[in-house]
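Here is the structure we will look at.
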Amino acid sequence: MSDPIETVKVPAAAPATLLQPVAAAESSSDEVTVVHQAPLAELEDIPPDPTDEEEDDNKKDSIDEKMVAASKEEMPPKKSSAEDSILSVIYTASKKVFIVGSIYLVGYMGWSIAWLIAPVILSVARDRWQKSTKHKRSIAKASALASEKEVILARIDELPAWVYFPDVERCEWLNKILKQLWPNANHYARSLVKQTIEPNVAESLAFYKLPGFRFDRIILGTIPPRIGGVKVYDYNVARNEIIMDLDLFYASDCDINFYLGAMKGGIKDFQIHGWIRVVMKPLIRTMPLVGGLQIFFLNNPNIDFNLVGIIDFMDMPGLSDLLRRIIVEQIGNIMVLPNKLPISLSDEVPAASLKMPEPEGILRIHVVEAKDLMKKDIGMLGKGKSDPYAIVNVGSQEFKTQIIDNNVNPKWDYWCEAIVNSAIGQEVCFNLWDCDQGLPGVQNDDPLGRATIEIVNVVKRGVVDTWLTLEEAKHGLLHVRLQWYKLTAEPADLQAALMETQLLRVTSMSTALLIVFIDSARHLKSARSNARPDPYLVCSVGKQKQQTAMIMRDDSPVWEQGFTFLVGNPDNDTLQIKIYDQKTGLEIGQYGYVIACLMNKENMEMVSQPFQLQKSGPDSKLIMSLALRILKKVDIVEDTDVTSEASTISQLARAASVKQSPSAQDKGSLRDIQSQSSRLSSESPLTEEEPIALKVSSDTMNLSTTPTRSPKLFNANLAGSGDSQLTHRFPDITSSAGENGLGRIQLSIHYMVQRQKLFITIHKIMNIPLRDPTNIPDPYVKLYLLPGRSKESKRKTVVVKDNCNPVYDATFEYLISMAELMQSELEVTVCTQKGFLLGGSPIIGMLKISLNETDIIENGLNSWFDLQPEQKHD
């Protein structure tokens, strides 16, 4: 066994390793000591050195004393011991009198014991929660005050980012600069909070009937933010920009007071932690060499604070979520992608180059389903089920699925699209919750787990279709499908995008992205006599609306704000712009622009063009820039590891819900043989009858009879048409009653990978045997997915009265993943209602079709099937 620790002398200019900063701080020579650690298994066999343990204990005690002393530096002096003793006696006596009086009052009034127990439980829970949060904030503040060396030695499990990531560098020099600049930056931050965050928080609170919010005093304190590490990108970066990521941690000693109506409250111990990106662009040839800055958080940062004052009652678990959520939202609206904080450093740089949105692409997200979620609801017999829903976050963009009541295996089939400004560093967050009804705006829901996917992985592969194991949960899986779309300026790509959305049959999906930059307006009319307006602008595309800031008393306001809109069809949509006066609420100008006009422009954009406003003054104009981009799919890169992993997870999920008998595998081969023998090839009837093919147009899906064989076009129409009934079949009739003389059924089966859906169309049944002329059957068809035969997979057609050749043309859908499809079977059962009423067996015939066939996925399966005799369930 080699020595567990080896000391090597290297020059000071060599690259620093994990613990070099600590060694360098303790050494005064020109050399740095590099510590190489042995493997964990070897270290466990080495007996501890008592001398080293004593030294470590003494060092840790001294560090803890320093950190505690640092955290108590600014605490007020304590009162004398005599005063403390008197106050303690009075408090203890009053507390006992209150407790005895409460018990006596409950007994005297004859109330339930719950009136005594409930306040005690709430009080204990609140005290525990306050102590835990206070302890966390104290540790964070002590870490912010202590030096980096002491923080590393005292808290090895919470090292800064430059320790964990090799491409993140240490930047203690930057922390020293921030400490020197913080008093000046304090003034800028106060003005930003007062001018931007205050009106938005007030508007949000007014929605919950809490008017009159305003900040009274804003002191951010003397503790500056700390940068845990910096990463500078040197690849995939344009020549005229510099991109760096900073690990920002801010634990302030702020003193912020605010009023909510007549109530006064305050915010203490405000903390924020997250990765913030700084983009220096464009690079210019005159000083200061950088034209401007763009500052933003890649993802939602972690924010925490403590409420004080009269509004301290809102600091209870659940009730404080209202104010906390509103503040987080407003920070996200300013500095979380796709929102940025632009700062201009040179007059040579136009505002549009810094403030106009620059999205990289669109991420289409499909939240398919979840399995084996935790049971959070409590029923009469113990734990019941949950009412799950999912929240999807991409930066400050948030999407919410529908709520599925009383189900731990929900199928949402929810679609949304997120605008991505920076694929590198951003991630998609999925948070699952159990819905519990409570006060509006108060978070009463229970968490069911969370999962994340880095967007850069989706960009590399094109499509990611996977099951995610939920974190912060005992068990649970989430099935999602993400697809990346790049943005092009080619009008020819629009037709392909329109065709794809028609095939998806999801009305909320878009084909293009409209980028709008509102520069300014000139010579607006006044809404009041002898007074300039307070204008703000609202632009909308369909149901999407965006609003600029309000400019006080200015008839030629300069907004310089950019917006993005997802467009369903550029040929039909219009950009609507309206300008209002805030004090009167009157409209002082409007303009409408047909988006299709951009298709004929060079590069499909217009830069800083004036537009004549309507319903305004004769010289009123609006200056804005427009750009249109078409969504285009990228090439899909197959990942065998992801596919095999998804298949494995799907097998585990199936095994958890279905207990298969030992002989099931032996019966599988028999089912395949029966399925192949029962299905007659479509080539046989084609020689006797003329087929009917389906023709797909670019705008609408129309049916036309042409003598050609085109099963692929047939299935494109089956999966993409908005109609649920088909009136043309392929082939149309058959004269045979099948191998068993029970009749034949015509089915169309097609699986659409993009939608994760299985489409089954029951066209018709022919030649059902008539055993009693006085008892004509009333047939109907039932479908089940095997294994399992669960109620969720049951589908049923209508009953056709007195008919041996019924026609249904009914289409059914199943939300199912590709991995599950490969292991599933379709059970088709033809029954008669009369047989059930007369006491006999209602089953006329049945068959089982294996779904593990390439034809079902590629072109679809269209054929006649022979009905088999009734089989017992496995």
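Things to note:
- Label point 7 Å beyond Cα of residue 452 along Cβ direction - residues of region 333-357 with amide nitrogen under 19 Å: 333, 335-339
- Residue pairs, from the table 355/621; 136/176; 411/848; 757/834; 385/801, whose Cα atoms sit over 29 Å apart: 757/834; 385/801
- Calculated from backbone phi, Karplus (6.51, -1.76, 1.60) coupling profile of region 619-625 in Hz, x at Gly/Pro: 9, 6, 9, 10, 9, 8, 10
- Amide hydrogen neighbours beyond the local backbone of residue 617, cut-off 5 Å, H modeled: 525
- Multiplying the residue separation of residue 798 and residue 106 by 0.36 nm and removing their Cα-Cα distance gives an extension gain of 242.8 nm.
- In this structure the amide hydrogen of residue 345, modeled in the peptide plane, comes within under 5 Å of the amide hydrogens of 292, 293, none closer than 5 places in sequence on its chain.
- Total formal charge among the other residues, if their Cβ is under 13 angstrom from that of residue 387, Lys/Arg +1 and Asp/Glu -1: -3
- Segment residue 805-residue 341, length gained on full extension (0.36 nm per residue, minus Cα span): 160.1 nm
- Karplus-derived 3J(HN,Hα), 6.51/-1.76/1.60, for each residue of region 745-761, Hz, glycine and proline x: 10, 9, 10, 10, 10, 8, 10, 9, 5, 4, 8, 6, 10, 9, 9, 10, 10
- Loop-located chymotrypsin sites (Phe, Trp or Tyr not before Pro) across region 566-604 with a Cβ neighbour count of 11 or fewer within 10 Å are lacking, with loop assigned by DSSP.
- Note that region 776-838 presents 42 Å² accessible area per residue, ligands and nucleic acids not counted, probe 1.4 Å.
- Positive contributions from Lys and Arg (+1) and negative ones from Asp and Glu (-1), summed over other residues with Cβ under 9 Å from the Cβ of residue 538, come out at +2.
- Gain on full stretching of the segment that runs from residue 242 to residue 399 - 0.36 nm per residue minus C-alpha separation: 53.3 nm
- Annotation: amide H of residue 339 within the under-5 Å range of 396, sequence separation 5 or more or interchain, hydrogens built in the peptide plane.
- The packing ranking, built from the mean of other Cβ atoms within 10 Å per residue, places the peptides 386-394, 93-101, 219-227 in the order 386-394, 219-227, 93-101, highest first.
- Couplings 3J(HN,Hα) for region 294-301, derived from phi with the Karplus relation 6.51 cos²θ - 1.76 cosθ + 1.60 (θ = phi - 60°), are 10, 10, 6, 8, 5, 9, 4, x Hz, where x marks Gly and Pro.
- Carbon plus sulfur fraction of accessible area for region 385-526, probe 1.4 Å, in percent: 48
- In terms of packing, defined here as the mean over residues of other Cβ atoms within 10 angstrom, the peptides 413-419, 402-408 line up highest first as 413-419, 402-408.
- Cut-off 19 Å, label 7 Å out along Cα→Cβ of residue 177, residues of region 217-245 by amide N: 224-234, 241-245
- With the simple spin-label model, which puts each label point 7 Å out from Cα in the Cβ direction, the residue 257 to residue 492 separation comes to 6.8 nm.
- A simple packing score, the average count of other Cβ atoms within 10 Å per residue, orders the peptides 329-341, 233-245 as 329-341, 233-245, with the highest score first.
- The alpha carbon gyration tensor of region 386-446 gives principal lengths a ≥ b ≥ c with a/c of 1.5 or higher and a/b greater than b/c, which makes the shape prolate.
The values are calculated or read from the model by the stated rules, or taken from the named source; none is laboratory data. Owing to the predicted nature of the structure, the values given are computational and were not obtained by experimental measurement. Ideal geometry is used to build each Cβ from the backbone, glycine not excepted, and the neighbour counts take in all protein chains shown. Surface accessibility is based on the protein's heavy atoms, side chains included, excluding ligands, DNA and RNA. Shrake-Rupley method; radii C 1.70, N 1.55, O 1.52, S 1.80 Å.
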